[in-house]
Amino acid sequence: MNFRVISRNVGFALLVSALFMFLSILVSVANGNDSALAALMISFTITFIVGVFPFIFVRKNAAITLKDGYIIIFLSWLLSFIFGMLPYALWGGPFTVVNALFESVSGFTTTGGTILSDVESLPNSLLFWRSSTHFIGGLGVVVFLLLVIPNSSPVRLRLANMELSSLSREGYRSRANKTVIIFTSVYLGICILAFLSYCLAGMSAFDAINHAFSVCATGGFSTRNQSIGSFHSDLINLITMVFMLLASIHFALIFMAVVTRSLKPFKNPVLKFYLGTLAICSIITALYLKIGQIEPSWYRAFMDGTFQILSYASTSGFATADNSAWPLFPCLLMMYVGVQCGMAGSTTGGLKSDRVMMLFKAIGRQLRRNIHPASVSEIKLGNRIVRDEELYPHILYIAMYGMLLVVSVLVCMLVGSGGANAIPATISSLANVGPALGEIGTFGNYGAEPAVAKVIYCLDMFLGRVEIYPVLAACGMIFSRAKR
């Protein structure tokens, strides 16, 4: 492994965090030097020095190998988590070391789960830092790096191919270099439009930028204890629903629709499958809420039911209602859509609708083969035939995802987390949803969970965000080197 190229690229990832810490310092100064100023200044200084160190003392080296690329991705995320927890840990309050780590990982992975019972007690600068971790993590710490590497550099091409999964790259009719620009353009476009829309709907500029950072990253951190529901505005609810949906669609489809000024890109079969799932689950949830007299009117039942289904499906985790009082079945639907989630090529977590659709089609094909052994059956996504060698890695990924889920639940229960919390919390963490059910539902938090369980949730959030393969590859390389 080339430690020079690794250290320089990882250093840049830390400089991105340092930049947003500096912006948080400006927010603190603008608010009369609030209580987080010292914590943020110390955190900025440490992060900036460590990040800039390789640029001063390590000579530039453009060569990069496959192993280097995986280590860069792994360490960029890992060190972002560690340095990102500094403002919380130094500020204190409810932030023990484990709680600070949990909040940092939840932010960067755009999960949105929190240990805080009173979000509004945080100073504005720390609230801004929380939302900034969503913004950084939604775009991806490695994507920030790719934006400053020259287009012609082989480093950029190789890192782009590693950072974006094969599922994410499908749908981009361009090279990896251009894919990064397309993804970034759509991401920033959603963020800017969300900010302007929130301002026009009556939010303050501070609330608007924080919620725009969260919604474009499908994160869910809010400046209010009761999330979006605290604004008591159907207009704000609708705006949030629109941008949660946009952020959960493959960004290439949005880009092509804007560039061509046509809705043809939205005829994508995976998008139809995703929207169909949303529609069916939203209707069922609304029926349960009204018939079970949880909501007083059909209007509120459909508004709150659709909002929560879309919030979980997009893995945003925003809330307008407390799901701890909801019937079990709609809660299970919420957890299901959180695991299936939105489309690849978006900022959602979970398995991705693309994989789930392929799984259903593979099951259907196997059933047809059992009934008609001599028949020839193919799996199609639109007009494209999916070959077995393309299908196999995704089916294997789903199997690994399920195994990881089971192991994580068992470990969390072993260290003292009750099954009523361990199961939904693990599902929510691995799917990067954030809120789960019951005590850790839409208006709940993870504060009371055992410290070891929180660490397991952090690991699940990390694996869910970067997907399992790159982490396993990086760990394998590190351990194999250690054995030599």
> Only one of (1) under 19 Å from M21 (Cβ atoms); (2) open to solvent by less than 10 Å² (accessible area, probe 1.4 Å); (3) touching a residue at least 40 places away in the same chain (Cβ under 8 Å) fails for F128. Which number is that?
Replying inline: (2)
>> I'm trying to understand the selection: among the residues of the stretch 288-303, which are assigned to a helix (DSSP H, G or I) and either touching a Phe, Trp or Tyr at 6+ places or on another chain (Cβ under 9 Å) or open to solvent by less than 10 Å² (accessible area, probe 1.4 Å) (or both)?
In response: Y288, L289, K290, A301
>> Just the residues that are more than 13 Å from E449 (Cα to Cα) and in a loop (DSSP other than H, G, I, E, B), please, taken from the stretch 103-117.
In response: T109, T110, T111, G112
> Name the residues in the stretch 327-356 that are open to solvent by 20 Å² or more (accessible area, probe 1.4 Å) and under 24 Å from F183 (Cα atoms), would you?
Replying inline: V339
> Taking only pairs six or more apart or across chains, which ones have beta-carbon atoms under 9 Å, a first residue in the stretch 36-47 that is farther than 11 Å from F83 by Cβ, and a second residue that is of a type in the set (G, A, S) and part of a loop (DSSP other than H, G, I, E, B)?
Replying inline: A39/G92
> Which of the residues spanning the stretch 308-321 are buried (at least 24 other Cβ atoms within 10 Å of the Cβ) and either in contact with a Pro (Cβ under 7 Å, 6 or more places away or on another chain) or outside any loop (DSSP other than H, G, I, E, B) (or both)?
Replying inline: Q308, I309, S311, Y312, A313, G317, A319
> Within the bounds of the stretch 361-379, is there any residue that is surrounded by fewer than 22 Cβ atoms within 10 Å (Cβ to Cβ), at pLDDT 85 or above and in contact with a helix residue (DSSP H, G or I) (Cβ under 7 Å, 6 or more places away or on another chain)?
Replying inline: yes
>> Just to be sure I understand the filter: pairs with C-beta atoms under 8 Å, separated by 6 or more residues or on different chains, first member in the stretch 387-411 and more than 17 Å from G338 (Cα to Cα) and touching a residue at least 24 places away in the same chain (Cβ under 8 Å), second member of a type in the set (V, I, T) and not in a helix (DSSP H, G or I). Which pairs pass?
In response: L391/I379
> Of M343, M334, M358, which residue is over 24 Å from E439 (Cβ atoms) and either part of a helix (DSSP H, G or I) or over 18 Å from the mean Cα position of the chain (by Cα) (or both)?
Replying inline: M358
>> Between a residue in the stretch 198-226 that is on the phi > 0 side of the Ramachandran plot and any residue that is outside any helix (DSSP H, G or I) and surrounded by fewer than 22 Cβ atoms within 10 Å (Cβ to Cβ), which pairs come within a Cβ distance under 9 Å, given they are 6 or more apart or on different chains?
In response: G202/S233
> In the stretch 19-29, how many residues are over 21 Å from the mean Cα position of the chain (by Cα) and open to solvent by less than 50 Å² (accessible area, probe 1.4 Å)?
Replying inline: 4
> Of the residues that sit in the stretch 250-287 and are of a type in the set (S, T, Y) and under 18 Å from T218 (Cβ atoms), which one is surrounded by the most Cβ atoms within 10 Å (Cβ to Cβ)?
Replying inline: Y274
> Regarding S324, is this residue open to solvent by 20 Å² or more (accessible area, probe 1.4 Å), among the polar types (S, T, N, Q) and assigned to a helix (DSSP H, G or I)?
Replying inline: yes
>> Looking at the stretch 37-55, can you tell me whether even one residue there is buried (at least 24 other Cβ atoms within 10 Å of the Cβ) and hydrophobic (A, V, I, L, M, F, W, C)?
In response: yes
>> Taking the conditions exactly as written (open to solvent by 10 Å² or more (accessible area, probe 1.4 Å) and under 21 Å from S282 (Cα atoms)), does S233 satisfy them or not?
In response: yes
> If you scan the stretch 256-306, which residues turn out to be within 21 Å of G229 (Cβ to Cβ), free of Cβ contacts under 8 Å to residues at least 24 places away in the same chain and under 24 Å from the mean Cα position of the chain (by Cα)?
Replying inline: D304
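Each row is one residue, and each column tells you yes or no for (1) in a helix (DSSP H, G or I); (2) open to solvent by less than 40 Å² (accessible area, probe 1.4 Å); (3) among the β-branched types (V, I, T); (4) within 28 Å of I363 (Cα to Cα).
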| residue | (1), (2), (3), (4) |
| --- | --- |
| E390 | yes, no, no, yes |
| A399 | yes, no, no, yes |
| L404 | yes, yes, no, yes |
| V407 | yes, no, yes, yes |
| V411 | yes, no, yes, no |
| S417 | no, yes, no, no |
| A422 | yes, yes, no, no |
| A425 | yes, yes, no, no |
| V433 | no, yes, yes, yes |
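The values are calculated or read from the model by the stated rules, or taken from the named source; none is laboratory data. Being a predicted model, the structure only gives us computed values, none of them experimental. Virtual Cβ from ideal backbone geometry, glycine too; neighbours counted across all protein chains shown. All accessible areas refer to the heavy atoms of the entire protein, side chains included, with ligands and DNA or RNA removed. Shrake-Rupley method; radii C 1.70, N 1.55, O 1.52, S 1.80 Å.
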